[in-house]
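**Student:** Below is a structure I'd like to ask you about.
The values are calculated or read from the model by the stated rules, or taken from the named source; none is laboratory data. All values derive from a computational prediction rather than experimental measurement. Virtual Cβ from ideal backbone geometry, glycine too; neighbours counted across all protein chains shown.
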Amino acid sequence: MNTNEQPGAAVGGVLDRALAGISPSHEEAYALALTGGSGLSALFTTASQLRDRGWGDTVTYSRKVFIPLTNLCRDKCRYCTFAVSPSSPAARMLTPHEVLTIARAGAAAGCKEALFSLGEKPEEVYERSRTELRALGYSTTTEYLVAMCRLVFEETGLMPHANCGVLDPRELESLRPWNVSMGLMLENVSERLLGAGLAHAGSPGKAPALRLKTIEDAGRLGIPFTTGILIGIGETLQERIDSLFAIRDLQERSGNVQEVIVQNFRAKDDTPMRGDDEPSALEMARTIAIARLVLGASMSIQAPPNLSPDAYGFYLLAGINDWGGISPVTADHINPEAPWPKIEELREISADAGFTLRERLAIYPSYQRSAATLRPPFAARVAALADGTGYVRLDLQGIEGIIPPPRSRPASRPVRREGPAPLVLDDRYHDRSQNDIADISTQAGATGLANTQEARS
């Protein structure tokens with residue numbers, strides 16, 4: 001492809017057709033990935049206009065708690081700092097008590113989502129994982145995850161959203177009753193990245209066909225799914241764009257992709273890719289804008305604000321409508337060096353760009369309207385928490401007045417955190433009593449939990 005021959009008028013035609021509802025072709029999207037000057041400005045404007053058609057002036061986030069069930073993993077991704085070897089002092093599989101401690105802290109802080117992130121099928125390669133699972137009474141990590149999702153929902157009312165790697169239909173079916181939604185990043189559709197010395201070397205679970213099949217199988221079961229791409233891991237521009245088209249085609253087949261994340265690679269000092277270049281904010285914004293054109297006005301497109309702490313407001317100008325999950329009490333254990341922004345900071349930056357920040361649930365409004373995607377026991381809980389828009393009721397956003405804010409705030413957020421993060425960051429939310437949780441559940445609509453008990457009986 002000779003991109004130098006792509007005239008500005010042709011790019012303008014692509015953008016005009018996008019506004020008319022015609023998605024760009026692969027070749028046109030490749031050209032957009034290299035356009036500059038006035039063409040780039042027009043790309044951002046078009047992406048923003050499409051976003052406004054689908055989402056108006058609302059930008060959303062999910063108030064979540066992060067539960068890292070185990071950090072052992074059969075994959076060996078060369079950029080990952082979350083997974084460790086079984087001999088590492090940091091290796092762990094959380095006990096049910098630890099899981100509940102984190103979940104109760106989240107409930108006390110007004111969270112609605114319990115994000116379970118964990119290594120993929122570690123028992124396939126590590127005796128330590130097999131031994132720990134046997135001691136807990138399970139034979140696979142997926143079986144244990146099912147039990148912990150159920151425990152968290154029944155004890156705290158937090159709605160689980162599990163990210164646990166590739167799964168077969170039987171595993172998906174076992175997780176479906178206790179997850180309001182699930183997630184699996186495609187990352188990239190290129191099998192080339194599985195090669196020796198590249199990002200996904202030694203990672204069988206990163207085979208693109210397996211990941212796409214997991215999401216498609218979940219669609220047959222009515223499981224709303226989050227997926228996305230990870231940029232800057234050695235992919236070509238064409239491979240990056242091809243990954244967006246793969247997600248679009250998947251959505252046309254399965255219909256269960258409720259949001260797409262565009263995530264930037266961040267180099268970690270303890271990984272083989274520690275010296276690799278990170279994508280710039282402009283590269284992120286360009287990719288977000290192309291994602292909006294490829295995926296359309298109605299798709300929710302998200303960019304994690306903690307991975308671009310000095311630039312994430314810029315992404316609103318490129319077409320995002322969601323900030324993803326933000327936790328007031330737990331770290332981003334996948335990127336422990338990158339603290340979450342404060343929710344008030346998100347609100348102010350969103351307002352500066354002309355947007356109203358709303359808290360959403362882990363299941364998007366359009367998927368709340370169908371009995372095929374919102375089933376018991378979550379239907380009653382969602383009804384108790386959401387208003388007519390499908391977002392969290394305004395009187396239930398956060399828990400202001402139940403737990404006082406700290407007396408002082410640090411002047412600025414740290415950009416990097418050294419070493420692994422603790423399971424609960426804020427002692428105000430640690431080991432909250434059952435009475436505290438009950439009080440919060442009452443404020444958030446106790447009927448949801450009560451109806452859950454009825455649905456199970």
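Here's the yes/no breakdown for (1) closer than 21 Å to residue 183 by Cα; (2) among the aliphatic types (A, V, I, L, M); (3) touching a His at 6+ places or on another chain (Cβ under 9 Å):
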| position | (1), (2), (3) |
| --- | --- |
| 312 | no, no, no |
| 342 | no, no, no |
| 354 | no, no, no |
| 363 | yes, yes, yes |
| 369 | yes, no, no |
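**Student:** Which residues, taken from region 308-328, are in contact with a strand residue (DSSP E or B) (Cβ under 6 Å, 6 or more places away or on another chain), outside any strand (DSSP E or B) and not small (Gly, Ala, Ser)?
**Tutor:** Once the filter is applied, which keeps residues that are in contact with a strand residue (DSSP E or B) (Cβ under 6 Å, 6 or more places away or on another chain), outside any strand (DSSP E or B) and not small (Gly, Ala, Ser), region 308-328 yields 320, 321.
**Student:** Test of understanding: among 362, 372, which residue is of a type in the set (A, V, I, L, M), assigned to a loop (DSSP other than H, G, I, E, B) and within 17 Å of the chain's Cα centre (by Cα)?
**Tutor:** Working: 372 fails: within 17 Å of the chain's Cα centre (by Cα).
Of 362, 372, the one residue that is of a type in the set (A, V, I, L, M), assigned to a loop (DSSP other than H, G, I, E, B) and within 17 Å of the chain's Cα centre (by Cα) is 362.
**Student:** Could I ask something else about it? Which ones in region 58-78 are among the hydroxyl-bearing types (Ser, Thr, Tyr) and farther than 28 Å from residue 194 by Cα? Talk me through it step by step, then tell me what you get.
**Tutor:** Start the filter on region 58-78 by keeping residues that are among the hydroxyl-bearing types (Ser, Thr, Tyr), which leaves 58, 60-62, 70.
The answer is 58, 60, 61, 62.
**Student:** When region 189-207 is examined, which residues are found to be assigned to a helix (DSSP H, G or I), crowded, with 20+ Cβ neighbours inside 10 Å and touching a helix residue (DSSP H, G or I) at 6+ places or on another chain (Cβ under 7 Å)?
**Tutor:** So the first thing to find is which residues in region 189-207 are assigned to a helix (DSSP H, G or I), and the list is 191-194, 204-206.
Those still in the list that are crowded, with 20+ Cβ neighbours inside 10 Å too: 193, 205-206.
Residue satisfying the conditions is 206 alone.
**Student:** To continue, here is another question. If residue 363 passes every condition in (1) modelled with pLDDT of 65 or more; (2) surrounded by fewer than 19 Cβ atoms within 10 Å (Cβ to Cβ); (3) under 30 Å from residue 71 (Cα atoms) but one, which one does it miss?
**Tutor:** (2)
**Student:** So which of 47, 42, 9, 31 ends up being in a helix (DSSP H, G or I) and either on the phi > 0 side of the Ramachandran plot or touching a residue at least 60 places away in the same chain (Cβ under 8 Å) (or both)? Walk me through it before giving the result.
**Tutor:** Details: 42 fails: either on the phi > 0 side of the Ramachandran plot or touching a residue at least 60 places away in the same chain (Cβ under 8 Å) (or both); 9 fails: either on the phi > 0 side of the Ramachandran plot or touching a residue at least 60 places away in the same chain (Cβ under 8 Å) (or both); 31 fails: either on the phi > 0 side of the Ramachandran plot or touching a residue at least 60 places away in the same chain (Cβ under 8 Å) (or both).
From the options 47, 42, 9, 31, the qualifying one is 47.
**Student:** Residues in region 289-299: is at least one under 17 Å from the mean Cα position of the chain (by Cα) and farther than 22 Å from residue 40 by Cα?
**Tutor:** No, the conditions are met nowhere in region 289-299.
**Student:** Can I ask one more? Can you find a residue in region 366-378 that is surrounded by fewer than 21 Cβ atoms within 10 Å (Cβ to Cβ), within 30 Å of residue 77 (Cα to Cα) and at pLDDT below 95?
**Tutor:** The answer is no, given that none of the residues of region 366-378 is surrounded by fewer than 21 Cβ atoms within 10 Å (Cβ to Cβ), within 30 Å of residue 77 (Cα to Cα) and at pLDDT below 95.
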